[in-house]
Amino acid sequence: MITKEYIIEITTQLYLKNGVKSVTIADITKELSTSKRTIYNHFIDKTDLMQACIEQYLASIRSNNDDIINTSSSAIEAMGVIQQQILKRADYSNATFYKDILKYFPSVLKDSYEKNAKFAFRELLYLSKWGVKEGLFRKDLDPEVTMATVQTLLKLCNNTKIFPSAHFSKSRLTEGIMVAYLRGLCTEKGLLEVEKQQHLFLNID
């Protein structure tokens, strides 16, 4: 029996690989070896299915980030691993995935994306306070301004219009943007931790 969860899992993979617009219900049923009726037993239409896929995809990212933070030895290590995961997802996802949703189904992405952005900001705030408590980040930093800047810089690292991938490697961008900014937040102890965790920020191509 094909479950709702399995439909969401497989459909999400198709969307990430091919973009949303090009994936039809027929493509999904073919991949699942099932009928359209099975799909519509669980979802009203393609938009309903897409909403479920986006929500589940973003929920999995949030869960993964929580796991990273809970298993990391420092705030800087956690930031390095999360940075790696962000760039890996960007590589795995078809460039048209978010563009298609924004163009054809903007309302579908808006609520889920805003919810995820708020969650990500709360996580970054936690990391900044953790880093200060550890003595890795300067006590005089403004957590909200600092982590809002980090969010913006992460987006910048993925902007291929400004930094074409043919000319700018991920390691080069991370070193020039993220690591440079991170060092500016650090105490002497923090700088030593950045050097210790440097492989997380640079071995990402």
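Just so it is clear, none of the values below were taken in a lab; they were calculated from the coordinates. Remember, predicted model here, so these are calculated numbers, not experimental data. Here the Cβ is made from the backbone with ideal geometry for all residues, glycine too, and neighbour counts use every protein chain on show.
General remarks:
- Within the chain, helix-based [θ] at 222 nm, where runs of 4 or more DSSP H residues each add -39,500 (n - 2.57), nearest 500: -23000 deg cm²/dmol
- When Rg and the Kirkwood Rh are both derived from Cα coordinates, the Rg/Rh ratio for the chain amounts to 1.04.
- Inter-centroid distance (Cα atoms) of region 114-193 relative to region 1-40, Å: 36 Å
- Longest exposed-site-free window of the chain, the sites being trypsin sites (Lys or Arg not before Pro) in a DSSP loop that have at most 14 other C-beta atoms within 10 Å: 1-137
- Long-range amide H partners of residue 137 with built H, under 5 Å: 132, 187
- Point-charge dipole on Cβ atoms (K/R +1, D/E -1) for region 58-202, about Cα centre, debye to 20: 360 debye
- Subset of 21/115; 161/189; 115/139; 4/170; 115/189; 129/161 violating a 26 Å alpha-carbon distance limit: 161/189; 115/139; 4/170; 115/189; 129/161
- Karplus-based coupling profile of region 97-114, in residue order and whole Hz: 3, 6, 4, 4, 5, 5, 7, 9, 9, x, 5, 5, 7, 3, 5, 5, 5, 5, with θ = phi - 60° in 6.51 cos²θ - 1.76 cosθ + 1.60 and x standing for Gly or Pro.
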